[in-house]
Amino acid sequence: MNDLLGSSAVAQLRTSLAGAADQPVWPALEEAGGRLEPLALRARAGLLATALMEDLNGGYERAAAVFRSALADDGFTGWILWPVGEAAVTLALQDGGQRAFDDALALLAELTPRMSSEFAIRRLLIQDLDRALDAIRGWTAHPDEHVRRLASEGTRPYLPWAVRVPGIVARPAATLPILDDLYLDESETVRRSVANHLNDLSRHAAAETVATAERWRKASGDRAAWVTRHGLRTLVKKADPDALATLGFSSGAVAVSAPQLDHSVVRLPGELGFAVELRNDAAEPARVALDYVVHYVKSNGSLAPKVFKLAVADLAPGEVRRFRKKHGFRQMTTRAHYAGRHSVQVQANGTLSPHAGFDVLL
């Protein structure tokens, strides 16, 4: 991914800005382009943003005017706008005035249809959360879905790759008005951002998250079903009883067997197959969220659980149903596997089965 901001991207950036600024020479940008190779993507964006500010050699107003003029060029798009947004925000904060602050927010909204401004906007939120949120709330009615998505995505508590905004984490209710405006948005992309935002909130504000989902379901019924289900997914994996109840999962007597393993040994790369039986012992139908938990051996020999989705099932009173699953084991950049005694459990509406152990060999 680092090459998303490589030499060709820098060349396009120079071309787009040279025409917009009537400035044919961009020495700092050219020099920075030659120093990208050892850097990761975020560091490349920072280096290019610094170079842009040096070459523009002026305050926020000049930079904003050049960036807006460059939007006339169709090539002024994609990842090259990450350093553009960062440069604009840095200059606006250096300016220190409310006019520059407000205009920087507006500029990010103009840029975001070409490339999301979700990273650059975070420093404006840190600087003045209430002022930024007041402007961002207005974007929820914007005709462009990319701007509406930015309203939700840019204000997520735990946006991947982005700096934290302490005020958003400390005040869980601060962004709820934005989500209230967007959870039924016509755009699936916007609704997905809302669901991810709600799921972020569940990490530190479970009660507020469940209350919001419950309010949406009561107000909008099936139209809110996907957003609430996706927004509560982490709480469901944690077997949060309020989240399970909000999504209609039964609290009655559901029995789950120990997993029956196809093999007791898995050699990497390989897979573990297992089966489990689910029984509804209640006198009423039961809706069940069925997950499974793999307890991975860590480098120090301890175990670390990871929850995965298995199925959602509706069982009649007394019904017994069998489920099968195959889980893959292979070395990945996001998960290193270690040899040793692992185990798997199945979770039904928060009720955990006994462990079933197996050995992993490298």
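The values are calculated or read from the model by the stated rules, or taken from the named source; none is laboratory data. Please read these numbers as outputs of a predicted model, since none were measured by experiment. Cβ placement follows ideal geometry from the backbone for every residue including glycine, while neighbour counts extend to all protein chains displayed. In case anyone asks, the SASA skips ligands and DNA or RNA and just uses the protein heavy atoms, side chains included. Shrake-Rupley method; radii C 1.70, N 1.55, O 1.52, S 1.80 Å.
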*Please find, among Val276, Val312, Val346, Val294, the residue that is in contact with a His (Cβ under 9 Å, 6 or more places away or on another chain), part of a strand (DSSP E or B) and aliphatic (A, V, I, L, M).*
Val294
_Pro285 vs. criteria exposed (fewer than 13 other Cβ atoms within 10 Å of the Cβ) and free of Cβ contacts under 8 Å to residues at least 60 places away in the same chain_ = no
*Condition broken by Gln23, with the remaining ones in (1) touching a residue at least 24 places away in the same chain (Cβ under 8 Å); (2) under 18 Å from Met1 (Cβ atoms); (3) not hydrophobic (A, V, I, L, M, F, W, C) satisfied*: (2)
*Looking at (1) open to solvent by 30 Å² or more (accessible area, probe 1.4 Å); (2) in a helix (DSSP H, G or I), can you tell me which one Gln23 breaks?*
(2)
*Scan region 254-273 residue by residue and report those that are open to solvent by 80 Å² or more (accessible area, probe 1.4 Å) and not in a loop (DSSP other than H, G, I, E, B).*
Gln260, Arg267, Glu271
*region 53-72, subset over 29 Å from the mean Cα position of the chain (by Cα), closer than 17 Å to Leu108 by Cα and not small (Gly, Ala, Ser), residue most open to solvent (accessible area, probe 1.4 Å)*: Glu61
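What residue, of His146, His197, is closer than 24 Å to His230 by Cβ and in contact with a helix residue (DSSP H, G or I) (Cβ under 6 Å, 6 or more places away or on another chain)? Even if it seems obvious, please write down each step before you answer.
Values: His146 fails: in contact with a helix residue (DSSP H, G or I) (Cβ under 6 Å, 6 or more places away or on another chain).
Matching residue, one of His146, His197: His197.
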*Can you tell me which residues in region 74-126 are assigned to a loop (DSSP other than H, G, I, E, B), open to solvent by less than 20 Å² (accessible area, probe 1.4 Å) and either among the β-branched types (Val, Ile, Thr) or at pLDDT below 95 (or both)?*
Thr112
*Selection from region 127-158 of residues that are closer than 22 Å to Arg42 by Cβ, open to solvent by 30 Å² or more (accessible area, probe 1.4 Å) and in a helix (DSSP H, G or I)*: Gln127, His146, Arg149
